């Protein structure tokens with residue numbers, strides 16, 4: 001009987017999580033500028049207006065507890081999403097700049113040397129972009145971090161962006177990535193991005 005109750009509890013909690021992830025995309029806000037637009041779940045906290053103009057990200061969202069657990073292994077799960085304009089003049093340059101940035105910060109400890117993966121994805125406007133993924137330990141924060149970066153470039157606007165989903169948690173095995181399908185969590189956002 002004890003195992004039956006535990007099994008039912010696991011099924012219900014698994015279903016609740018799945019519903020939560022799906023539910024965050026049922027109502028969205030369109031974030032639009034003169035050159036791009038994308039969708040975000042309404043439940044994400046849009047902190048873009050709090051940013052200093054011209055410094056740092058153009059768009060900034062705090063999404064902790066929205067589609068992912070609030071805590072894991074006794075610590076919080078922190079989710080931030082931001083969009084940064086780059087000075088690069090091609091998709092290849094944008095991609096390389098993001099990769100170089102991974103290893104420039106001395107506070108990041110990688111399990112494997114130059115640990116990242118990349119894949120090409122199609123955006124909402126049909127253009128190609130590069131999805132990069134890396135993981136590292138932040139010594140100053142005491143968190144493991146999974147980071148998903150979309151490098152995109154528009155020939156029309158001669159503009160590049162880095163669109164980032166950063167997820168911090170406690171799990172030195174990084175199985176949290178697979179258990180909660182973080183790649184799909186990030187892709188769901190990135191695939192809404194469109195150049196106008």
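Compute the long axis of helix 91-104 from its Cα atoms, compare it with the longest principal axis of the Cα atoms of the chain, and write down the angle in degrees, 0 to 90, nearest 10.
Long axis of 91-104 versus the principal axis of the chain: about 60 degrees.
To the nearest 10 degrees, how steeply does helix 2-23 sit against the main Cα axis of the chain, on a 0 to 90 scale?
Helix 2-23 sits at roughly 20 degrees to that axis.
Of 40, 109, 81, which is the most mobile in a GNM of the chain whose springs link Cα atoms less than 10 angstrom apart?
109
What is the packing order of peptides 120-127, 63-70, taking the mean over residues of other C-beta atoms within 10 Å and listing the highest first?
Averaged packing, sorted descending, gives the order 63-70, 120-127.
Kindly put 108, 138 in sequence by how many other C-beta atoms sit within 10 Å of each C-beta, fewest to most.
138, 108
Give me the tail of P(r) for the chain as a percent: Cα-Cα pairs with distance above 22 Å.
The proportion of pairs with Cα distances above 22 Å equals 51 percent.
Ranking request for peptides 181-189, 146-154: highest mean number of other beta-carbon atoms within 10 Å first, then the rest in descending order.
Taking the mean over residues of other Cβ atoms within 10 Å, the ranking is 146-154, 181-189.
How do 102, 169 rank when sorted from fewest to most other Cβ atoms within 10 Å of their own Cβ?
With the sparsest Cβ surroundings first, the list reads 102, 169.
Considering all projection directions equally, how large on average is the shadow of the alpha-carbon convex hull of the stretch 155-196, in square nanometres?
The Cα convex hull of the stretch 155-196, projected and averaged over all directions, gives 3.9 nm².
Taken together, the values in this text are just the output of simple stated rules run on the coordinates, not laboratory data. In this text, all values refer to a predicted model and were calculated from it rather than measured experimentally. In this analysis, Cβ positions are derived from the backbone assuming ideal geometry, glycine residues included, and neighbour counts consider all displayed protein chains.
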